[in-house]
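> Shown below is the structure under consideration.
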Amino acid sequence: MSSRFMAKALLVAAVAACLPLVGCESPGGKVSVLTGNTPLPGTTYAWAPAQAGSGDPRVDNDIMRDRIRTAVDTNLAAKGYRQVDASQAKLLVAYHIGLQNKTDYSATSMGGPGGVACGIRGCIGGYGWGMYGAPMDVDIRSINYTEGAVMLDLVDTSTGKLAWRATSQKRVDQKDATQDGLNAIVADMVKTLPQGAPPAG
């Protein structure tokens with residue numbers, strides 16, 4: 001393997017290492033779970049009173065609120081959790097959601113011109129580039145995208161303290177805002193939630 005080829009390969013690898021890996025991402029993206037030192041106090045829940053939104057009209061609207069609540073209710077029911085009146089609930093459920101516009105960069109190798117001069121002392125790269133030849137042309141393009149974060153909280157009603165929290169962070173697009181997309185994200189978030197009673201039926 002020539003030194004020039006190795007130099008180009010190292011440059012490509014260095015640029016590629018700066019790019020995020022998104023090809024095999026799960027529906028929930030990067031999911032993290034925070035649990036308390038004691039078991040959940042029960043499996044009955046009610047929704048916490050509405051809190052101030054993020055101010056982002058992309059998520060602070062009736063359609064998105066209904067879809068998110070439906071996704072949470074559906075997945076909690078599948079885990080054996082039952083929605084009841086707030087006076088009987090052992091848990092209060094709340095969610096927080098935010099979107100952030102970001103920019104990434106994509107690098108593509110376009111190769112490079114040759115230009116090699118040989119003489120009695122061997123061959124060197126031409127055009128003043130030195131022994132490794134001309135630098136490889138790299139096409140770098142900016143990619144604008146939206147990153148979304150969803151936080152799902154279960155609060156112990158007897159103490160008012162956080163009992164369980166799951167956070168999802170991922171690059172999002174229009175399909176993630178559909179009911180099916182939100183269902184898949186929340187399903188990924190509650191995978192490790194302790195199982196309650198088997199769903200009825």
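The values are calculated or read from the model by the stated rules, or taken from the named source; none is laboratory data. Bear in mind the structure is a predicted one, so any value in this text is a computation, not a measurement. Glycine gets a Cβ as well: all are built from the backbone with ideal geometry, and neighbour counts include every protein chain shown.
> Somewhere in the stretch 90-110, is a residue in a helix (DSSP H, G or I), farther than 20 Å from Thr159 by Cβ and touching a residue at least 12 places away in the same chain (Cβ under 8 Å)?
No, the stretch 90-110 has no match at all.
> Look at the stretch 162-191 and say how many of its residues are surrounded by fewer than 17 Cβ atoms within 10 Å (Cβ to Cβ), modelled with pLDDT of 95 or more and either in contact with a Cys (Cβ under 9 Å, 6 or more places away or on another chain) or part of a loop (DSSP other than H, G, I, E, B) (or both).
Counting residues in the stretch 162-191 that are surrounded by fewer than 17 Cβ atoms within 10 Å (Cβ to Cβ), modelled with pLDDT of 95 or more and either in contact with a Cys (Cβ under 9 Å, 6 or more places away or on another chain) or part of a loop (DSSP other than H, G, I, E, B) (or both) gives 2.
> The conditions are (1) on the phi > 0 side of the Ramachandran plot; (2) surrounded by 14 or more Cβ atoms within 10 Å (Cβ to Cβ), and Met64 fails exactly one of them. Which is it?
Only one criterion is unmet by Met64, namely (1).
> Shifting gears a bit: With Val12, Val22 as the choices, which residue is in a helix (DSSP H, G or I), modelled with pLDDT under 95 and within 29 Å of Arg171 (Cβ to Cβ)?
Val12
> Here's something else I'd like to know. Just one of Ala94, Ala89 is aliphatic (A, V, I, L, M) and over 24 Å from Val172 (Cβ atoms); which is it?
After ruling out the rest, the residue left standing is Ala89.
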